[in-house]
Each structure stands twice: as structure tokens, then as C-alpha cells.
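Chemist: What follows is a structure written as C-alpha cells; I'll ask about it next.
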Amino acid sequence: MKETNGQHLISLFEHWAPKSLAVDGDTVGLQIGTLNKTITKVLVTLDVNLDTVEEAIKNGCELIIAHHPPIYRGMKNMRTDLPQGILIEKLIKNDIAVYAAHTNLDIATGGVNDLLANALQLENIEILEQTNSEQLMKLAVFTPKESTNVVRAALDIAGAGQIGEYQSCSFTSAGEGRFKPSDLANPYIGQANELEVVEEDKIEVVFPVSIKNKVLKALLTNHPYEEPAYDLILLESEVNKKGLGRIGKLPKKLILAEYAEVVKKQLNVPFVRVVGDLTQEVQKVAVLGGDGNKYIQTAKRAGADVFITGDLYFHVAQDAEAIGLSVIDPGHHVEQIMKHGVAEYMTEVCIQNNLLVEFISSKISTDPFQLI
């Protein structure tokens with residue numbers, strides 16, 4: 001096992017939850033301190049407050065990964081006699097960096113909303129509100145027959161040729177290539193100023209636009225021709241669809257009152273607020289961690305019987321009731337599920353990369369509410 005610095009560690013994290021996934025205006029990324037240092041211990045927490053900072057200090061952590069950004073709105077000052085300034089001063093004095101992964105972690109595959117959907121035992125899970133996708137691009141390249149397998153394998157390694165759950169997808173057709181090298185050319189086949197006819201294969205593969213440069217590098221590095229002939233075509237098809245919230249089905253129908261108890265148990269909360277007829281049967285469930293007030297109509301259009309989200313406003317609850325959508329509000333704090341999820345995921349990533357880093361799931365509850 002080897003040590004690593006914060007920049008490398010966060011690059012591995014952002015491969016899972018890139019900042020580009022975050023919704024417009026969200027404050028994600030490094031917020032306090034520096035990543036230019038060795039990281040051996042990381043505290044994963046929902047919120048950054050004085051208690052979680054003390055926990056990080058006690059455990060010898062050099063980095064905190066938080067879901068809720070400690071600096072969310074613009075700061076007009078950093079007075080160390082006010083709560084936010086006291087918090088930041090303590091972090092800086094103890095050389096603890098803070099990295100925030102907010103809506104990018106909500107949206108990421110395997111992130112907050114997938115963790116919630118899995119905890120709620122949903123099946124056939126899909127995205128509730130799509131926010132991101134990539135266009136597919138098609139490469140068609142012409143190679144001499146003896147080089148076809150080499151070029152095709154290189155494109156495969158570069159990531160081209162994945163369609164859904166299928167990898168190494170390509171199509172090859174045979175034909176004749178014609179060309180006449182000039183005096184300045186250095187041809188792999190043929191002589192200067194003589195027309196050459198070569199048996200060639202046309203290889204066709206698709207790939208996401210984001211890896212175009214990687215695919216072209218693989219092509220140009222492994223193709224034998226001085227000037228390979230190829231076409232790049234932008235397709236209308238989309239891949240790598242991402243989004244907020246999830247929707248799926250329960251293994252069997254339950255009445256709303258029964259499912260509210262399941263939600264309490266699975267999300268480990270002391271109570272839930274429920275909107276709707278408690279005797280109604282529900283099976284199709286939408287879930288969105290945090291504040292999902294804006295997505296009431298989205299959940300209804302998606303065919304959800306019940307929508308699970310936090311911070312439900314009074315008038316939004318009335319709107320949901322009016323359109324016949326049941327809602328279960330387990331509170332905002334259920335996003336704490338990310339603590340164990342992130343720690344577990346990043347521990348596995350570090351093991352795979354032979355990195356000596358310990359991830360600690362915060363034991364502190366940052367829920368400000370108490371029941372009386």
C-alpha cells in the first residue's frame with residue numbers, strides 16, 4: 001500500500017461524482033484548505049459543524065468529505081467571533097481540508113438517491129428527472145486487413161464500442177482502398193506517384209463524445225498508415241443519462257400506512273409526515289433526498305403512487321393532495337445514508353489502487369430537530 005495526496009484522492013472520487021453533474025449554482029468542490037498534502041484519513045459526514053470537526057481532529061483526519069457545503073452562500077466576512085468564522089478558523093488551524101459533494105453526489109450513479117432507493121427496496125429503478133446525458137459519436141476507419149484486429153482492439157481498450165450492457169461492439173466490412181502517395185509521402189504500402197489498390201476493412205464503433213480524444217489517440221497510435229482515413233459522425237442517440245431522484249416499484253403492493261412504517265425502519269428515522277389516504281395501496285415509489293418540493297408534479301407525471309422526500313412545505317403538501325399524489329416526508333437528515341455509502345465506495349477504490357487511506361463514517365448526528 002502507498003500514500004497519496006488529496007489531489008489524486010479527489011480525482012478518484014470525481015471519477016464517480018464529477019463536479020460537472022452538479023446543478024447550476026451549486027457550490028461543490030474544495031471549499032476550505034488545500035489538497036496539496038498527504039491524506040491518510042478522511043471523515044465522511046453529511047454536515048460540517050463544530051462537533052464533526054472535533055471528530056475529525058480526534059481521528060487524525062486531514063480531509064473531510066461532506067454532502068452539504070459549509071460555505072453555501074457568499075461570505076461577506078470571515079469574523080472569528082461568529083459561528084461560521086469560528087468553524088473555518090478551527091479547520092485551518094488543524095490543517096483539515098473540506099471538500100463538498102452536493103448535487104453531483106445526488107445525481108451520480110450509486111450516489112445519494114440510489115442509496116435511498118436501494119434502502120427502500122425498490123426494483124426496476126430509473127431516473128426521476130434527467131439532468132445530464134452525452135451524445136454518441138460514431139467512428140468509421142479504414143485499415144489494411146492485416147491491421148484490423150490491432151486497431152479494433154486499441155479502440156476497444158480506449159472505451160469505444162460499448163452499447164448499454166454490451167462491450168467490444170463493432171462492425172467490420174471489407175472493400176478496396178485506393179490512394180496515390182506523393183513524392184513527400186512515406187507510405188506504409190505502395191510507391192510514390194503510383195496508384196495503389198489495397199484490400200481494406202472498414203471498422204465502425206460508437207462512443208460517448210467525452211472520450212473522443214482518447215479514442216482518436218488510440219486510433220492514430222495503432223494505425224499503420226501515415227494518414228489514416230476516418231469519419232467522425234455525431235449521432236442523436238444519448239448515453240450516460242444522469243439525473244435527480246429515482247423511481248421504482250416495491251416487490252408487492254402495500255397500503256400507505258404500512259409503507260410509511262417501512263420507510264421509518266429502512267431510513268432509521270423516528271417519525272415521518274404523511275400526505276394522502278392511509279388506506280390507499282401504493283407500489284410505484286419516487287424518492288428524492290433532501291428538499292424535493294419542486295418535484296411533486298414530476299413524480300406525479302412519472303406515475304408514482306407515493307413520493308418520498310424531505311422538507312415538505314404546507315402548501316406543496318396541499319398541492320400533492322389535490323393531484324392525488326401521496327407523500328412521505330422522512331426529513332432532510334435521511335441523506336446521512338451517504339456517510340456509509342461514500343466511505344464504503346472510496347475504501348474499495350483505494351484498495352483497488354493500492355492506496356493507504358482510511359475512510360471514517362461520521363458517528364455524529366447533525367439533525368437539529370428533536371421530538372418532544
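The values are calculated or read from the model by the stated rules, or taken from the named source; none is laboratory data. Just so you know, these numbers come straight off a predicted model, no measurement behind them. As a convention, Cβ positions derive from the backbone with ideal geometry for all residues, glycine included, and neighbour counts pool all protein chains shown. To get the accessible areas, we keep the full protein, side chains included, count just its heavy atoms, and leave off ligands, DNA and RNA. Shrake-Rupley method; radii C 1.70, N 1.55, O 1.52, S 1.80 Å.
Chemist: Tell me the angle of helix 83-93 to the major Cα principal axis of the chain, expressed in degrees between 0 and 90 and rounded to the nearest ten.
Modeler: That helix lies at roughly 50 degrees to the long axis.
Chemist: Would you mind working out the accessible area per residue for the range 67-165, using a 1.4 Å probe, and quoting it in Å²? Intermediate results must be reported in sequence, preceding the final value.
Modeler: On the way: 4880 Å² over 99 residues.
That works out to 49 Å² for each residue.
Chemist: Using a Förster radius of 22 Å, what is the FRET efficiency between N268 and E344 based on their Cβ-Cβ separation? Nearest 0.05, please. Walk me through the numbers before you get to the answer.
Modeler: Working: r = 16 Å, r/R0 = 0.75.
E between N268 and E344, to the nearest 0.05, is 0.85.
Chemist: Would you mind checking the tilt of helix 256-266 against the longest principal axis of the Cα atoms of the chain, expressed as 0 to 90 degrees and rounded to 10?
Modeler: In the chain, helix 256-266 runs at an angle near 80 degrees to the longest axis.
Chemist: With unit charges on the beta carbon (Lys/Arg positive, Asp/Glu negative), name the residue among G324, I64, I125 whose Cα is farthest towards the positive pole of the charge dipole of the chain.
Modeler: Of the listed residues, the answer is I64.
Chemist: Turning to a different aspect of this structure: Is there a quick way to get the dipole size of the range 120-221? I mean about its Cα centre, with the Cβ of Lys and Arg at +1 and of Asp and Glu at -1; what is the value in debye to the nearest 20? Don't skip to the end; give the middle numbers.
Modeler: Values: 9 positive and 15 negative charges, 64 e Å.
It works out to roughly 300 debye.
Chemist: For the chain, what is the charge dipole size about the Cα centre, in debye to the nearest 20, if Lys and Arg each add +1 at the Cβ and Asp and Glu each add -1 at the Cβ?
Modeler: Working: 34 positive and 49 negative charges, 152 e Å.
Its charge dipole is roughly 740 debye.
Chemist: Sticking with this structure for a sec: How would the range 6-125 be classified by its alpha-carbon gyration tensor: rounded, prolate or oblate, with rounded meaning a/c under 1.5 and the a/b versus b/c comparison settling the rest? Present the calculation step by step, with values, prior to reporting the outcome.
Modeler: Working: a/c = 1.83, a/b = 1.62, b/c = 1.13.
Prolate.
Chemist: Carbon and sulfur: what percent of the chain's accessible surface (1.4 Å probe)? If you can, show how the numbers build up before the last one.
Modeler: Values: 9740 of 19710 Å².
The nonpolar share, carbon plus sulfur, comes to 49 percent.
Chemist: To make sure I understand the rule: partners must be lysines, Cα under 20 Å from the Cα of K264, and not fewer than 8 residues away in the same chain. Which ones qualify?
Modeler: Correct list for K264: K249, K252, K253, K284, K339, K363.
Chemist: Could you work out the relative contact order of the chain? I mean the mean sequence separation of Cα pairs under 8 Å and 6+ apart, divided by the number of residues, in percent.
Modeler: Values: 740 pairs, mean separation 76.4, N = 372.
Normalised by residue count, the contact order of the chain is 21 percent.
Chemist: Still on this structure, please answer the following. From the backbone phi of the range 194-211, what are the Karplus-calculated ³J(HN,Hα) couplings (6.51 cos²θ - 1.76 cosθ + 1.60, θ = phi - 60°) in whole Hz, Gly and Pro given as x?
Modeler: With coefficients 6.51, -1.76 and 1.60, one gets 10, 5, 10, 10, 10, 6, 10, 10, 9, 9, 10, 9, 10, 6, x, 3, 4, 10 Hz.
Chemist: Please list, or write none, the lysines whose alpha carbon is within less than 27 Å of the alpha carbon of K202, excluding same-chain residues fewer than 8 places away.
Modeler: K138, K145, K180, K212, K214, K217
Chemist: Another one. Could you tell me what percent of the DSSP beta bridges with both partners in the chain are antiparallel, to the nearest 5?
Modeler: On the way: 46 of 67 bridges.
Here the share of antiparallel DSSP bridges comes out near 70 percent.
Chemist: I would also like to ask the following. In the set (1) 36.3; (2) 20.6; (3) 25.2, which value of mean projected area of the Cα convex hull in nm² was calculated from the structure you see?
Modeler: Of the labelled values, this structure produces (3).
Chemist: For the range 231-367, what is the charge dipole size about the Cα centre, in debye to the nearest 20, if Lys and Arg each add +1 at the Cβ and Asp and Glu each add -1 at the Cβ? The partial results should precede the final answer.
Modeler: On the way: 15 positive and 18 negative charges, 52 e Å.
Its charge dipole is roughly 260 debye.
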